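Peer 1: Can you keep this structure in mind? I'll have questions shortly.
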Amino acid sequence: MYVAAYIRQKFNVEIRIINQKLNNISDNEIVKQAKEFEADVVGLSTLTTNAYSLPYITKNLKVVLPDALIVIGGPHASAFGEKSLEGNLADVAVPYEGELTFEALINACFDGGDISEVPGIFRRTKDGIVTNPGVTPLVKDIDTLPFPAYDLVDLKAYWKINAMTALMHIKYAPLFSSRGCPFKCIYCHRIFGDRLRVHSAQRIFEEMKFCMEKYGVNSFEIYDDIFNHDKKRLFEICGLIGKLENKVKLFFPNGIRMDELNKSAIDSLADAGMHYCACPLESGSPRIQKFMGKRLNIQKYLENVEYIASKKIFTQGFVMMGFPTETEEDLKQTLDVTCQSRLHVSTVFILTPFPNTKVYDIVMKNHPEKLEDIYYNDKEYLNMKHNFSDVSDEMLFYYQRKTNRIFYLNSNRIFRILRDFPQTYRLPSYIPEFLKRISQGIY
């Protein structure tokens, strides 16, 4: 929606957005709709887990729209680079941020420009796939961008399915209040770059107000990589939200860095309407924290999670096991921190290194054979069973199961889940997942 809003501001064009998952649309239907629209450009934004559809879709698009420019974008293009063009018939892959590059592509293809001069893209030529020199440009001042093209999607249709927070039937709008992150976590794709670029508090206030008045929104899911790094802005945003005519609910399924909070910031977020907060831990081992580049202050993490949970704000933890050099002592520390925390729920992942991340390069250098068996098309990351640590497979997966079992078989935690989950009527639907997680830890 951001790219669509930006492009139609620059060109006199018609744009159609199709969400394959939302509308349960087949690959053939995507091709059919592109043909009916008589598209000159078809953009396919995809996660790596869905990239298996690209060969079929692009092949059939070339049949019905032989002159159309087919562009791949999204996390898959950012992770796999020029390899994202292998095995399909797309013309171009655009990594990272799309607005400026897509504008340059349109100028090059339809206004007499030269596509070879568009920096940082991957493109198909008669001699094979080539990488254009240069770096994909980023928008320096993101306040200059228009609001996302909400009018090109059926926002209410998203209210009928799980949001990113696994909630349903909430009248929400998605919101990015910033792009990028200044930290150097080795597992991160860094799609928005290394520098934090923020919308002003006033811009966020205006976008929220627009969504509320235009679409009847009363909740917002904020998808930033790190919403709270600019502490002054956090207080400004919360203060402006307090001036809205109606109260809103805030959900943070992705980016709150726990050790950069304090009680005043948490109080402000709670007063502004925070109901759900993701609290990424990754590892409870200080050594692994340093190795992964996150360097989280674990004690501060625990204190702030406890304070957030004390306000009956639902908290979700994210944990990863299986980092290179990880030992049994590191795994024990992660188990202890996770289970001692006041988190309501937590998900324990096994590390999956993606291309174009530092951890992938580390494994490629030291144990390239371990990367050969990764099947990235697996849609369920919880099912991935790879081991890049210094312990045996048996031990690694044992600690994953044991963490789940101890964490969830805690009567106080179960009580707090029942009390604080924002949609208690939906809790029965999670019983199978609850039983799955605790039973995996029983021999």
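Read the figures in this text as sums done on the coordinates, not as results from a lab. Note that this is a predicted model, so its numbers are computed, not measured. Cβ sites come from the backbone with ideal geometry, for glycine too, and all protein chains shown count toward neighbours.
Peer 1: What pairs in LYS171/LYS300; LYS10/LYS156; LYS10/LYS209 have C-alpha atoms more than 30 Å from each other?
Peer 2: Details: LYS171/LYS300 33 Å; LYS10/LYS156 28 Å; LYS10/LYS209 25 Å.
LYS171/LYS300, as the Cα separations exceed 30 Å there.
Peer 1: Now a separate question. Please give the length that would be gained between LYS10 and TYR56 if that part of the chain were fully extended, namely 0.36 nm times their separation in residues minus their C-alpha to C-alpha distance (nm, one decimal). Show your work: numbers first, answer last.
Peer 2: Numbers: separation 46, 0.36 × 46 = 16.56 nm, distance 3.16 nm.
Stretched fully, the LYS10-TYR56 segment lengthens by 13.4 nm.
Peer 1: Name the lysines eligible as straight-distance cross-link partners of LYS365: C-alpha to C-alpha under 25 Å, and not fewer than 8 places from it in the same chain.
Peer 2: Partners found: LYS83, LYS184, LYS290, LYS294, LYS385.
Peer 1: If you don't mind, another one. I'd like the projected area of the chain, averaged over all directions, using the convex hull of its alpha carbons. Report it in nm² with one decimal.
Peer 2: Details: hull surface 86.1 nm².
Orientation-averaged projected area of the Cα hull: 21.5 nm².
Peer 1: OK, next. Straight-line reach from LYS35: which lysines fall under 23 Å, measuring Cα to Cα and dropping same-chain residues less than 8 apart?
Peer 2: Straight-distance partners of LYS35: LYS21, LYS59, LYS62.
Peer 1: Near GLY128, within a Cβ-to-Cβ distance under 11 Å, what is the net charge of the other residues, with Lys and Arg +1 and Asp and Glu -1? Mind showing how you got there, number by number?
Peer 2: Numbers: positive: ARG123, ARG124, LYS126; negative: GLU82, GLU86, ASP127.
Once all neighbours under 11 Å are counted, the net charge is 0.
Peer 1: Taking the Cα-to-Cβ direction at GLN340 and at ILE17 and moving 7 Å from each Cα, how far apart do the two end points lie in nm?
Peer 2: It is 4.5 nm.
Peer 1: Equivalent ellipsoid semi-axes for region 301-391, as square roots of 5 times the alpha carbon gyration tensor eigenvalues: give them largest first, rounded to whole Å. Provide the component values of the computation, followed by the final result.
Peer 2: Numbers: eigenvalues 173, 46, 23 Å².
Each semi-axis is √(5λ); the values are 29, 15, 11 Å.
Peer 1: Just to check, using Stokes-Einstein with a Kirkwood Rh over alpha carbon pairs, what's the diffusion coefficient of region 335-435 at 25 °C and 0.890 mPa s in µm²/s?
Peer 2: Values: Rh = 15.9 Å.
Rounded to a whole number, D works out at 154 µm²/s.
Peer 1: Using only the Cα atoms of region 132-254, what do you get for the radius of gyration and for Dmax, in Å?
Peer 2: For region 132-254, the Cα radius of gyration and maximum Cα-Cα distance read 15.3, 50 Å.
Peer 1: Treat each spin label as a single point 7 Å out from the Cα along the C-beta direction, and report the PHE110 to PHE37 distance in nm.
Peer 2: It is 1.2 nm.
Peer 1: Let me ask you something else. If the viscosity is 1.002 mPa s and the temperature 20 °C, what Stokes-Einstein diffusion coefficient in µm²/s follows for region 171-220 when Rh is the Kirkwood radius over Cα pairs?
Peer 2: Values: Rh = 12.4 Å.
Here the translational diffusion coefficient equals 172 µm²/s.
Peer 1: Quick test of your reading: applying the under-4.7 Å Cβ rule, which cysteines of the chain are isolated?
Peer 2: Lone cysteines by the Cβ rule: CYS109, CYS181, CYS211, CYS238, CYS277, CYS279, CYS339.
Peer 1: How big is the convex hull of the Cα atoms of region 2-131, per residue, in Å³?
Peer 2: Details: hull volume 14.0 nm³, N = 130.
Enclosed volume per residue, from the Cα hull, is 108 Å³.
Peer 1: Can you tell me the 0 to 90 degree angle between the C-alpha axis of helix 328-340 and the longest principal axis of the chain, rounded to 10?
Peer 2: In the chain, helix 328-340 runs at an angle near 80 degrees to the longest axis.
Peer 1: Reachable aspartates and glutamates from LYS160, Cα under 16 Å, same-chain residues fewer than 8 places away excluded?
Peer 2: GLU221
Peer 1: Quick one: length gained pulling ASP271 to ILE129 fully straight, 0.36 nm per residue minus the C-alpha distance? Please report the intermediate quantities before stating the final value.
Peer 2: Details: separation 142, 0.36 × 142 = 51.12 nm, distance 5.24 nm.
Residue separation times 0.36 nm, minus the Cα-Cα distance, leaves 45.9 nm.
Peer 1: Could you list, bin by bin from short to long, the percent of Cα-Cα pairs of region 187-284 in 10 Å steps?
Peer 2: Taking all Cα pairs of region 187-284, the binned fractions are 14, 49, 30, 7, 0 percent.
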